[in-house]
Structure formats: structure tokens, C-alpha cells
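Let me begin by presenting the structure, written as C-alpha cells, before commenting on it.
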Amino acid sequence: MKIAVVGAGVAGSTLCFLLGRYGYRVDIYDITDRYTKPCGEVFPTKTMDIISKSKLPRPELVGRINSFQFYIDRGSRIELVKSFYSKKTVWYSINKSAWIDSLREECYMLQTKPIGNPSKLYNNGYSLVIDARGPFSSIGTKIVVWRAYVKPFIDSAIFVFKNKMLGFIWAFPHGDVMNIGGGFVGINDPKKYTVSVLEKILGELNMSIRDEKYSIITVSPKIELLRNRVVNVGEAAGLIMSLGGEGIRPAVLSAISLYDSLEEALPVVDRGGSFEEAFWSYARSLGSLIREVKTHNTLYRLASLWGGKFIEKLLRRMSSSFIEEWLEGNLSSVVKSLKLFFK
Ligand SMILES: Cc1cc2nc3c(=O)[nH]c(=O)nc-3n(C[C@H](O)[C@H](O)[C@H](O)COP(=O)(O)OP(=O)(O)OC[C@H]3O[C@@H](n4cnc5c(N)ncnc54)[C@H](O)[C@@H]3O)c2cc1C
């Protein structure tokens, strides 16, 4: 039985690694032989537990983050409006590209070839085709995001918001440098603005910028697990959190769920059965993740309605309990989230 996975990012490489370990032949396609997509490279600590439990290679830890600062750009000045500090580590900062490359090395066969329409691969004799092309095949609003590494280093994660603009600028501790970037709805090149804002907080940056890259990210995604007989996983399926763009954990979780469902189904399919039951089992196992994505979508829409004008007010009202649950990836109900927000 031949399986094709299109996109060797977090979800595609995780799935391919797990299927390969199970002994199934998987062809994986990507535009590049090494993972080059930029990222903020942080995730809630519980993501590492998920990775360890599934015996996946662990990413290299390059930072532990427990201090967060929220700024607002008022044009004439940047003001710190909220700080959050936790005694425990809230986020890990990781070397994401090296981690994905280590997963890719274990994949049966990585072919560097862009695939425009994964469903056409069924013409090449594949029994199952999986789309893991991330934001390049998801349905939703796409934001252009710029990312780079800079010095100086500070030991706190920074977010900067601006009234009337949906999106944010970040600076996250990453080894002895900061991983910085930014993106806003409707802005095609966020670099200049991002650098000018962060220079007001961190100091001169231009001389230290390295490895700068652009990409896109999905906000307010439509969740679609199946399209033209192709099973979607990770951000391609719309599994990304609109408030903050957390997509690594959903990509890992959905790949593990798909693998678990396939593990049971593949011997049945080998004997002539269909993938249908495996697909439904995959969809069922994603229940709580889908609830979380939908909660983020609703909160994002509310923030766009109210916060478009009043992001500063929202930031000031945001309770520490809400910030904690948001950063830890625990917002799975709109009502509970709103109660927490105003607590
Ligand atoms: C700048 C930026 C910062 C981010 N920061 C964070 C963060 O700090 N924490 C977090 O959790 N999430 C973050 N995200 C989101 C996160 O990166 C993604 O949601 C996550 O990587 C999704 O994993 P995935 O496997 O679904 O897709 P990806 O990791 O995006 O992988 C998709 C793969 O598909 C390949 N591909 C694309 N088109 C084709 C094609 N036509 N044919 C073949 N292959 C193709 C790509 O080359 C890529 O390797 C960020 C995103 C961006 C853009």
C-alpha cells in the first residue's frame, strides 16, 4: 500500500515518522529538502509531554519562558500595559528547523517536488493522500508575517499591539538572541514597522538582524479535515489558534491522532477494507482540539469587532487567569474564556 504525504512540516514529518516506524511505505513531498519556514519557535510546555509520550524525537530546547510583557503602540510612544509572570515555565523556545529536519531524516522517502493538487496523486497509485501543506492549503484569512533573529537579548517574551490593527509584533527569547517578527491583517510588508517598534523597546536592531524571512499564517481558519478525498492535517486542516497563531501543538496533535486512527485501519485496508472508519475515528479524536480552534475563532471575531478600535482597553482588562490559560493553550470554551477574561 502506498501513502503520500504532501508537506514535510510539523504535521507531515510527524506523521511520516510515525508511519515509517510502523513499517508502512510513505512518500513525502516538499518544496525544499530542509525545513526553512520561519516561526516564532515557542510552544506551551505541555507540547513537549505530547512529543515525549509518542516517542517522537524531542526538539532542542533553547529557552524557557515565564515572563511576558504586553505593549501598545500609541504612535508617539510605546507603553507597557500588562505584565504576566509565572513561577513555572509557561513556554519552551525550541530550534524548530533542526527538529523538523531530524523527523524528516527518518521519513521513508522525501521528494523535493511542489505538489499543486494533492488529489491528483491518486492517479499515481496511492491508496491514501494526506495534505500537510500548512498555511499554503488552509482556508481562512492569510497574514504575511516577517521573522528574524536579533540581539540584544532580554529574558521576557514581548507582544506589541496597535489600536485598529489586527495582528501583533513579537520578540521571544531564543538561546542568546531574540526571535522577532510581526504581521497584521492587510499589511503586505510588516518588516519596517516591526523593526521600528521593537527598536523603541530593545534598542538598535538593524545591525544585528539575521536569517530574516517572510511567510504566511492562517487566522480565523475554516476547519476542513477532508477535501477531494485528501485527508488534511495540521494547519492545512485549519488547526491553528487565531489568538496568537499557535500552530505547532495542533499540528503535532493532529498528526498523532491521524496516525493512531490509521494504525488500526491499515491492516483492514490491506485486506481490502476502506479508510472511512479511520477517517471518522480521526475526526472524533480531534474533538477537543477542534473546540479549542473554534473558541479562538469566536474570540478573534469578538476582538476584531470590539478590539479593532479598543485593543488597548482589551489588553488592560485582560485578567492574569485568562493570560495564563491562553498562553498554556487551554482556551476551549467561549463562555469560560470570557468569564476568565473579565475575572
Ligand atoms: C512567522 C511565523 C511564526 C509562527 N510562530 C509560531 C510559534 O511561535 N508557535 C506556534 O505554535 N506556531 C507558530 N506559527 C504557526 C506554525 O508555524 C504553523 O502553524 C505550524 O508550523 C503548522 O505546521 P504544519 O505542519 O501544519 O505546516 P508547516 O509547518 O507550515 O509545514 C508545511 C510544509 O508544506 C510545505 N509545502 C508548502 N507548499 C507545498 C507544495 N505545494 N508542495 C509540497 N510541499 C509544500 C512547506 O514547505 C512546509 O514544509 C508561526 C507561523 C509563522 C508563519
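The values are calculated or read from the model by the stated rules, or taken from the named source; none is laboratory data. None of these values were measured; they are calculated from a predicted model. Every residue, glycine as well, gets a Cβ built from its backbone with ideal geometry; the counts of neighbours run over all protein chains shown. Quick note on the areas: whole protein, heavy atoms, side chains included, nothing else; ligands and nucleic acids left out. Shrake-Rupley method; radii C 1.70, N 1.55, O 1.52, S 1.80 Å.
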Give the cross-link partners of Lys120 among the lysines, using a straight C-alpha distance below 16 Å as the criterion and excluding same-chain residues fewer than 8 apart. Lys2
Note down the magnitude of the dipole of the chain about its Cα centre, charges +1 on Lys and Arg C-beta and -1 on Asp and Glu C-beta and zero elsewhere, to the nearest 20 debye. 1060
When DSSP beta bridges are limited to those with both residues in the stretch 2-341, what percentage is antiparallel, rounded to the nearest 5? 65
Taking only DSSP H segments of four or more residues, each worth -39500 (n - 2.57), what value at 222 nm results for the chain once the sum is divided by all its residues, to the nearest 500 deg cm²/dmol? -10500 deg cm²/dmol
According to the Cβ-distance criterion of 4.7 Å, cysteines of the chain with no possible disulfide partner are Cys39
Ranked by accessible surface with a 1.4 Å probe, highest first, in what order do Asp211, Asp176 come? Asp176, Asp211
In the stretch 1-80, the GluC sites (Glu not before Pro) that fall in loop regions by DSSP, at most 15 other Cβ within 10 Å: Glu60
With a 10 Å radius around each residue's Cβ, average the other Cβ atoms per peptide and rank 12-20, 188-196, highest first. 12-20, 188-196
Can you give the alpha-carbon Rg of the stretch 230-300 over 2.2 N^0.38 Å, where N counts its residues? 1.22
Specify the inter-centroid distance of the stretch 267-304 and the stretch 1-78, based on alpha-carbon positions, in whole Å. 19
Please compute P(r) over all alpha-carbon pairs of the chain, binned at 10 Å starting from zero, and give each bin as a whole-number percent. 6, 26, 34, 22, 10, 2, 0
Give the carbon-plus-sulfur fraction of the accessible surface of the stretch 2-341 in %, rounded to a whole number; probe 1.4 Å, heavy atoms of protein chains only. 52
Set of lysines near Lys313 by C-alpha distance (under 16 Å), chain-local residues within fewer than 8 positions excluded: Lys82, Lys162, Lys164, Lys343
Order the peptides 165-173, 70-78, 87-95 from the highest to the lowest mean number of other Cβ atoms within 10 Å of their residues. 165-173, 87-95, 70-78
From the mean inverse distance of alpha carbon pairs (Kirkwood) and the Cα radius of gyration, derive Rg over Rh for the stretch 170-233. 1.14
Return one whole number: the accessible area per residue of the chain in Å², for a 1.4 Å probe. 44
Amide H neighbours of Val90 at under 5 Å, excluding residues fewer than 5 places away on the same chain, with H built from the backbone geometry, are Ile65, Asn66
Amide proton proximity set for Gly9, modelled H, under 5 Å, gap of 5+: none
With every protein chain in place, the accessible area of Met109 for a 1.4 Å probe, in Å² rounded to the nearest 10, comes to 70
Relative contact order of the stretch 147-283 (C-alpha contacts under 8 Å, at least 6 apart) in percent is 16
The stretch 2-341, relative contact order [Cα under 8 Å, separation at least 6], %: 20
Could you go through the stretch 139-144 in sequence order and give the Karplus-derived ³J(HN,Hα) for each residue, using 6.51 cos²θ - 1.76 cosθ + 1.60 with θ = phi - 60°, rounded to whole Hz, and x for Gly and Pro? 10, x, 6, 10, 10, 7
I'd like the Karplus ³J(HN,Hα) series for the stretch 220-235: coefficients 6.51, -1.76, 1.60, θ = phi - 60°, whole numbers in Hz, and an x wherever there's a Gly or Pro. 6, x, 8, 7, 9, 8, 9, 9, 6, 6, 9, 8, 9, 9, x, 5
